[in-house]
Amino acid sequence: MARIVRSALIQARWAGNQKAMIDKHVKFIQQAAEKGAQITCVQELFYGPYFCQIEDPKYYSYAEPIPGPTTELMQEVAKKHKMVLIVPIYEEEQTGVYYNTAAVIDADGSYLGKYRKTHIPQVKGFWEKFYFRPGNLGYPVFKTRYATIGVYICYDRHFPEGARALGLNGAEIVYIPSATSRGLSMHLWKIEQTSHAIANGYFVGTNNRVGQESEFGPNDYYGSSYFADPRGQIVAVASDKEEEVLVADLDLDLIREVRNTWQFYRDRRPEAYGSLVNQ
């Protein structure tokens, strides 16, 4: 019997305040449930704006513990819908120590753990080192009710090493929540993440916010959330302008078929790569 998982990606506009943004996502998760989604991922820093376009300590106020109030709310939502949730949150480990993190919640509402964004950019419009410490939890995978999943976050996608680690750790689906505006890296959006799917023989689900957040100057988030299969083929893609709950059926048996054809894991030569980590 085929192992088919129905998954959803949510892309949304900034609603103006944290409560409105959380309420909006609860409704979107409800819509995903109505479409039969078993695993749903929301976007990077989902309950706030993408404040990293400027450096201002007032935005530290968005940080909260994980588990904490938003995690606990989403645990209730997950249990209600029997749905796995990937929930990116601005995490406060202690006062002054903050991470860009995603909590992973199983379909019974249990908190499984978290991934902290590993690679932190510091370039114009992405002043993330002002807000986040680099992740220090490695590349965990989470055995959920429906699939074994991993998480990578936004700028991480430019680095193949973590994508490989997630595959080696057993991920069948890797979710990559993002906040990416039109500009320098837009042409990479459908190249890098499909390449991770190909190189590692797993599914990728990546999402992005849409619209403008005028308090930070000119920007335009271009949505275009999508699912890619282990061959790197895009099997579903969302609008580049509108909010959307994108749903796709992922046939996990395809992972075995692809890996038995392209033996990238068998033919790896890790003993020959040692010098890479010293450069």
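Bear in mind these aren't lab numbers, they're just calculated from the coordinates by the rules spelled out. From a predicted model like this one, the values you see are computed outputs, not experimental measurements. Here the Cβ positions follow ideal geometry from the backbone for every residue, glycine too, while neighbour counts run over all protein chains shown.
Structural remarks
- Screening Pro230, Pro218 for residues that are of a type outside the set (Val, Ile, Thr) and either surrounded by 19 or more Cβ atoms within 10 Å (Cβ to Cβ) or under 15 Å from the mean Cα position of the chain (by Cα) (or both) leaves exactly one candidate, Pro230.
- Residue in segment 206-221 that is more than 19 Å from Tyr50 (Cβ to Cβ) and free of Cβ contacts under 8 Å to residues at least 40 places away in the same chain present: no
- The one condition from (1) hydroxyl-bearing (Ser, Thr, Tyr); (2) in contact with a strand residue (DSSP E or B) (Cβ under 6 Å, 6 or more places away or on another chain); (3) within 21 Å of Val141 (Cα to Cα) that Thr70 does not meet is (3).
- Any pair with Cβ under 8 angstrom, 6 or more apart, that starts in segment 114-143 at a residue that is within 9 Å of Asn100 (Cα to Cα) and in contact (Cβ under 8 Å) with a residue 24 or more places away in the chain and ends at one that is β-branched (Val, Ile, Thr) and in a strand (DSSP E or B): Tyr115/Thr101; Tyr115/Val104; Tyr115/Val151; Arg116/Thr101; Lys117/Thr101; Arg133/Val97; Gly135/Thr101
- Every pair of residues 6+ apart whose Cβ atoms lie under 7 Å, when the first sits in segment 255-279 and is in contact (Cβ under 8 Å) with a residue 24 or more places away in the chain and part of a helix (DSSP H, G or I) while the second is acidic (Asp, Glu) and surrounded by 10 or more Cβ atoms within 10 Å (Cβ to Cβ): Ile255/Glu172
- Residues in segment 150-169 that are among the hydroxyl-bearing types (Ser, Thr, Tyr) and either part of a loop (DSSP other than H, G, I, E, B) or under 29 Å from Ala2 (Cα atoms) (or both): Tyr152 only.
- Output for segment 170-216, where each listed residue is in a strand (DSSP E or B) and among the aliphatic types (A, V, I, L, M): Ile173, Val174, Ile176, Val204, Val210
- Of all residues in segment 91-129 being among the aromatic types (Phe, Trp, Tyr) and within 16 Å of the chain's Cα centre (by Cα), the one that is nearest to Ile39 (Cα to Cα): Tyr115
- Residue, surrounded by the fewest Cβ atoms within 10 Å (Cβ to Cβ), within segment 157-209, restricted to residues that are of a type in the set (Val, Ile, Thr) and under 15 Å from the mean Cα position of the chain (by Cα): Thr194
- Only one of the numbered conditions (1) part of a helix (DSSP H, G or I); (2) more than 18 Å from the chain's Cα centre (by Cα); (3) touching a residue at least 60 places away in the same chain (Cβ under 8 Å) is violated by Ser61, and that is (3).
- Of the residues making up segment 126-149, those that are surrounded by fewer than 16 Cβ atoms within 10 Å (Cβ to Cβ), assigned to a loop (DSSP other than H, G, I, E, B) and out of contact with any Lys or Arg (no Cβ under 7 Å at 6 or more places or on another chain) are Pro134, Gly138, Arg145.
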